[in-house]
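Only one structure is covered here, and it is reproduced in the block below.
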Amino acid sequence: MEQEENLRMEKGKQALEDVMMKWLTEMEIALKKGSGQVDRANAIIRRLETENAEMRAEIEASKLSASDSVRKCLGVTSCEKKCLKKVLPWEKQKEKIRQEIVEERRKIA
């Protein structure tokens, strides 16, 4: 009877060890799977961070380009205003001469 009890205890112990080994194996597999997922997530994060940095650099370059364009546009606008100020008296002079020509033609006719 004691021998049967010992045999049953041995079988129970072996069954418990088998269950524990199976559980440990499953945990190791889950850990490896989780580690793989973390590694992939980290790779994605690094790629996204690189893309983000590139986009920020492009945005900064665009801002500088836009600023330069605005500066050039203001310079051209200023030059245009100066030219228009010079042209205005010429236009007045041209109109005055036209009127004189019309008047002279009337006198001749």
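Just so you know, all these numbers are worked out from the coordinates, no wet-lab data involved. Note that the coordinates shown come from a computational prediction; the quantities given were computed from them, not determined experimentally. For neighbour counting, all protein chains shown are included, and Cβ atoms are generated from backbone atoms with ideal geometry for every residue, glycine included.
What does the charge dipole of the range 52-109 about its Cα centre add up to, to the nearest 20 debye, if the Cβ of each Lys and Arg holds +1 and the Cβ of each Asp and Glu holds -1?
Numbers: 15 positive and 10 negative charges, 111 e Å.
About 540 debye.
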Per-residue [θ]222 nm for the chain (sum of -39500 (n - 2.57) over DSSP H runs n ≥ 4, rounded to 500): -38000 deg cm²/dmol
Crossing angle, helix 2-108 versus the chain [Cα axis fit, 0-90 degrees, rounded to tens]: 0
Most fluctuating residue given options 64, 24, 48, as computed from a GNM of the chain linking Cα atoms under 10 Å: 24
Count of lysine pairs in the range 1-81 with Cα separation under 25 Å (8 or more residues apart, or interchain): 6
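Suppose every K and R has +1 on its Cβ and every D and E has -1 on its Cβ; what is the size of the dipole of the chain about the Cα centre, in Debye to the nearest 20? Working shown, then result.
Values: 24 positive and 21 negative charges, 459 e Å.
In debye, rounded to 20, the chain gives about 2200.
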Projected label distance in nm at residue 69 and residue 19, using a 7 Å step from Cα toward the beta-carbon: 7.2
Cα pair distances of the chain binned at 10 Å [whole percent]: 11, 12, 11, 10, 9, 9, 8, 7, 6, 5, 4, 4, 3, 2, 1, 0
For the range 1-81, with +1 on Lys and Arg beta carbons and -1 on Asp and Glu, the positive-most of 55, 45, 15 along the dipole: 55
Gain on full stretching of the segment that runs from residue 103 to residue 26 - 0.36 nm per residue minus C-alpha separation: 16.7 nm
